[in-house]
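See structure below.
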Amino acid sequence: MLALVTLWAGRWGVELIRADLVFMEPRHQISQWVYGREQYTHADWARAYSRMRQAIELSPKNPVLHEYMGSLLSLRGQAYWKSDVLRNAFYLDARKHQLISVKLRPTNGRTWAGLALSLHALNIEGWELDHAIGQAVFYAPHDTRVQKQIASIVMARWSVVEPRHRNWLRSAYRDENTRQRLQLDRLAKTYGIRFI
């Protein structure tokens, strides 16, 4: 029995190491692109996408790989925001990976926020969007990037999101430090929301 457990653990460990080696370069690039520190070219994106697919093939149940793949696909979807067909194509794929990631690691607020963005981009409202928003806020209560993204989605969907999400945003707006940190005045102006 011990030999079987050792064999299984060794195989799983090798799988993780191989996937991590493939994932190392695109992980750094995707982070730089998401934070706006670098711009990507089509060739850069395609290379990162190919490496991410390879890493996921090596370790298909790794939630981090699916989270990053969702982020990579979302970046491309944002580039095509005005084209329903292209935006939907990238965000449908992003959503698929984000759903796998939250199933494997349901307490990651960033992945929930990414899923909320994908649902917003796909014009999916109701329980699914409200649930993703709620989970993102709950699991990442102090993550500025998550809160800013969720604030933007809530403002964009102001009339259809649950009242608890509007109340969360009103509370954030009342706190001057949070309002400035999340740039809520700028977001409110963009979406035509008045808090006062």
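Observations
- Checked against (1) modelled with pLDDT of 95 or more; (2) surrounded by 23 or more Cβ atoms within 10 Å (Cβ to Cβ); (3) in contact with a Leu (Cβ under 7 Å, 6 or more places away or on another chain), residue 72 passes all but a single condition, namely (3).
- Given (1) under 29 Å from residue 32 (Cα atoms); (2) among the hydrophobic types (A, V, I, L, M, F, W, C); (3) buried (at least 18 other Cβ atoms within 10 Å of the Cβ), index of the condition residue 168 fails: (1)
- Test: residue 106 is over 15 Å from the mean Cα position of the chain (by Cα) and part of a loop (DSSP other than H, G, I, E, B): no
- Checklist (1) hydroxyl-bearing (Ser, Thr, Tyr); (2) at pLDDT 95 or above; (3) over 13 Å from the mean Cα position of the chain (by Cα) applied to residue 178, failing item: (2)
Residues are listed down the side, and each one gets a yes or a no for (1) free of Cβ contacts under 8 Å to residues at least 24 places away in the same chain; (2) crowded, with 17+ Cβ neighbours inside 10 Å:
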| position | (1), (2) |
| --- | --- |
| 51 | no, yes |
| 76 | no, yes |
| 80 | yes, no |
| 89 | yes, no |
| 106 | no, no |
| 121 | no, yes |
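- Among the helices (runs of 4 or more DSSP H) confined to the range 123-194, the ones with at least 3 residues that are more than 25 Å from residue 85 (Cα to Cα) and touching a residue at least 24 places away in the same chain (Cβ under 8 Å) are located at 127-139, 144-156, 163-174, 184-191.
- Filtering 124, 133 for residues that are modelled with pLDDT of 95 or more, touching a His at 6+ places or on another chain (Cβ under 7 Å) and under 18 Å from residue 154 (Cα atoms) leaves a single hit, 133.
- Unmet requirement for residue 99, which otherwise passes all of (1) more than 11 Å from the chain's Cα centre (by Cα); (2) surrounded by fewer than 19 Cβ atoms within 10 Å (Cβ to Cβ): (1)
The values are calculated or read from the model by the stated rules, or taken from the named source; none is laboratory data. Since the structure is predicted, the reported quantities are computational estimates derived from the model, not experimental observations. Glycine also receives a Cβ, built like all others from the backbone with ideal geometry; neighbour counts cover every protein chain displayed.
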